[in-house]
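Structure first, then comments.
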Amino acid sequence: MSKNNEENRKKNKKKIDQKKRKMQNAEAERKARLKQIREDFKAKEADNKSEQ
């Protein structure tokens, strides 16, 4: 019984760790995408100002 509980705990921990890793990766991708959008916007604004 104890061994089975230990195995279940390990499986659950592994699943939770995978979910956490997936969430962290998604958050990092989201931040990178937002940063890129901001940089593109700033570059576009700079181009617009230089054209005027």
Given the protein chains as shown and a 1.4 Å probe, how many square angstrom of E29 are accessible, to the nearest 10? 120
Report the FRET efficiency, 1/(1 + (r/R0)^6), for R33 and K10, where r is their Cβ-Cβ distance and R0 is 25 Å, rounded to 0.05. 0.15
MRE, 222 nm, helices only [DSSP H, n ≥ 4, -39500 (n - 2.57), over the chain, to nearest 500]: -36000 deg cm²/dmol
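Might you tell me the accessible area per residue for the chain, computed with a 1.4 Å probe and given in Å²? Show your work: numbers first, answer last.
On the way: 5510 Å² over 52 residues.
Averaged over the residues of the chain, the accessible area is 106 Å².
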Cα atoms only, the chain: Rg and Dmax in Å? 22.5, 77
Please give the length that would be gained between N25 and F41 if that part of the chain were fully extended, namely 0.36 nm times their separation in residues minus their C-alpha to C-alpha distance (nm, one decimal). 3.3 nm
Heavy atoms of the protein only, probe of 1.4 Å, neighbouring chains included. What is the accessible area of K14 in Å², nearest 10? 130
Out of K20, K42, K31, any idea which swings most in a Gaussian network model of the chain, alpha carbons joined below 10 Å? K42
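The values are calculated or read from the model by the stated rules, or taken from the named source; none is laboratory data. Please read all numbers here as calculations on a predicted model, not as lab measurements. Note that we place each Cβ from the backbone using ideal geometry, even for glycine, and neighbour counts take in every protein chain shown. The protein model used for the area step is the full one, side chains on, heavy atoms only, and it has no ligands, DNA or RNA in it. Shrake-Rupley method; radii C 1.70, N 1.55, O 1.52, S 1.80 Å.
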